[in-house]
Amino acid sequence: MRRTGTTRRGALTASGALALGAVLTGCGGGARSGAAPGNAAADARTASARAGKALRTAAARTSHALAGRYAAVAAAHPAASAGLAPLRAAVREHARAFAQDTPLPPAPTAPTASPADAPAALKALAAEERRVADDRAKALTGAEPELARLLASVAAAGAVHAYLLTELAEELSS
């Protein structure tokens, strides 16, 4: 004799079928809206990659220009050139790190004007380093993790450079 009514096995089968139907309906909704489900994520990744490349290129240009400023100050004030050499080398390395596979622009042909006395020129260079470091620190929020770490590291180095340049200016003025 066969049992009539609802069994536990029948109830579980029915609820599983309803759940599966709900899941399939939910997954199918995105395709009907006209956009493929993976395209939004791919577009976001592409936009993020483009923004990261633009940020890297701008940072490389800024570091390259800053290295040009170091060269101008060193040329105008030979007494400071020995103290500037390691800082300038570090700034050039920063430019290379940001540039990655992108070639750096050619060195500026016309050196930037430098104040007549060495301490004033070094203080102006320190102010430029601080400004660049602050700009890089602000750019951290919009950068991918690897680039954010590089920006943070170079911003910290720029702050140290500003301190060292200020100390060198005081040393030369006494």
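In table form, for the structure just shown:
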| item | result |
| --- | --- |
| Scope the range 143-153; condition part of a loop (DSSP other than H, G, I, E, B) and of a type in the set (A, V, I, L, M, F, W, C); matching residues | Ala143 |
| Pro119 assigned to a loop (DSSP other than H, G, I, E, B) and at pLDDT below 95 | no |
| Matching entry among Thr46, Thr57 (being at pLDDT 75 or above, in contact with a Ser or Thr (Cβ under 7 Å, 6 or more places away or on another chain) and more than 30 Å from Leu168 (Cα to Cα)) | Thr57 |
| Which numbered condition Leu125 misses (of (1) at pLDDT 95 or above; (2) surrounded by fewer than 20 Cβ atoms within 10 Å (Cβ to Cβ)) | (2) |
| Unmet requirement for Leu84, which otherwise passes all of (1) modelled with pLDDT under 90; (2) assigned to a helix (DSSP H, G or I) | (1) |
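So that you can scan it fast, the table gives a plain yes or no per residue for (1) assigned to a loop (DSSP other than H, G, I, E, B); (2) at pLDDT below 95; (3) open to solvent by 70 Å² or more (accessible area, probe 1.4 Å); (4) over 30 Å from Thr46 (Cα atoms):
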| position | (1), (2), (3), (4) |
| --- | --- |
| Arg96 | no, yes, yes, no |
| Asp101 | yes, yes, yes, no |
| Thr109 | yes, yes, yes, yes |
| Ala133 | no, no, no, no |
| Lys138 | no, yes, yes, no |
| Thr141 | no, yes, yes, no |
| Ala155 | no, no, no, no |
| Tyr163 | no, no, yes, yes |
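The values are calculated or read from the model by the stated rules, or taken from the named source; none is laboratory data. The structure displayed is predicted, hence computed values, not measured ones. Virtual Cβ from ideal backbone geometry, glycine too; neighbours counted across all protein chains shown. Areas reflect the complete protein model, heavy atoms only, side chains present, ligands, DNA and RNA absent. Shrake-Rupley method; radii C 1.70, N 1.55, O 1.52, S 1.80 Å.
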